[in-house]
Amino acid sequence: MQLEDSLIEAGCEVVGPAMRLKVAQRMVEADTKVGVAVLDVNLGDATVFPIAESLQDMGIPIVFATGYGREGVPYEWTRYPILQKPYTARQIEEAILTVIATE
């Protein structure tokens, strides 16, 4: 919820959140329009990488969030910004701006 509040304060329109992989998958399958996806690496008992693959295929920029830092993200995903928890609203904004600029 803090992430959602930070994004709203930054002027973003929040779609979601999806706290479970199945919910996130339904959002992707519904072709929900998003400009950037901020994905927590762990969604309940699953990781978010299947969703990340779908978003990547759709050309949607991704930012990962995890309590494990870069070590919590497989190498093939480290080209995207990775926020280590706890992170600040400013770090979220910077990561979003970075990923938008590079996509």
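Out of ILE82, ILE62, one residue alone is touching a residue at least 24 places away in the same chain (Cβ under 8 Å), farther than 18 Å from LYS22 by Cα and surrounded by 11 or more Cβ atoms within 10 Å (Cβ to Cβ). It is ILE62.
Every condition in (1) surrounded by 14 or more Cβ atoms within 10 Å (Cβ to Cβ); (2) touching a strand residue (DSSP E or B) at 6+ places or on another chain (Cβ under 8 Å) holds for SER6 except the one numbered (2).
Close Cβ contacts (under 6 Å, 6 or more residues apart or on different chains) running from residues in segment 92-103 that are surrounded by 13 or more Cβ atoms within 10 Å (Cβ to Cβ) to residues that are assigned to a helix (DSSP H, G or I) comprise ILE92/SER6.
Whenever a residue of segment 1-30 is without any contact (Cβ under 8 Å) to a residue 40 or more places away in the chain and on the phi > 0 side of the Ramachandran plot, its partners that are surrounded by 11 or more Cβ atoms within 10 Å (Cβ to Cβ) and among the charged types (D, E, K, R), lying with C-beta atoms within less than 9 angstrom and at least six residues away or across chains, give the pairs GLY16/GLU4. Please pick out the residue among ARG20, ARG26 that is among the charged types (D, E, K, R), in contact with a Gly (Cβ under 7 Å, 6 or more places away or on another chain) and surrounded by 12 or more Cβ atoms within 10 Å (Cβ to Cβ). Only one candidate passes the filter, namely ARG20. Of the residues making up segment 70-90, those that are small (Gly, Ala, Ser) and either under 17 Å from LEU7 (Cβ atoms) or touching a Phe, Trp or Tyr at 6+ places or on another chain (Cβ under 7 Å) (or both) number 1. Within segment 50-74, restricting attention to residues that are assigned to a strand (DSSP E or B) and among the hydrophobic types (A, V, I, L, M, F, W, C), which residue is modelled with the lowest pLDDT? That would be ALA65. Please work out which residue is nearest to the chain's Cα centre (by Cα), limiting yourself to segment 28-45 and to residues that are in a strand (DSSP E or B) and of a type outside the set (A, V, I, L, M, F, W, C). This residue is ASP40. Screening segment 42-59 for residues that are surrounded by fewer than 19 Cβ atoms within 10 Å (Cβ to Cβ) and of a type in the set (Gly, Ala, Ser) and picking the one that is farthest from ALA24 (Cα to Cα) gives GLY59.
The values are calculated or read from the model by the stated rules, or taken from the named source; none is laboratory data. Please read these numbers as outputs of a predicted model, since none were measured by experiment. Quick reminder, even Gly has a Cβ in these numbers, built from the backbone with ideal geometry, and neighbours come from all protein chains shown.
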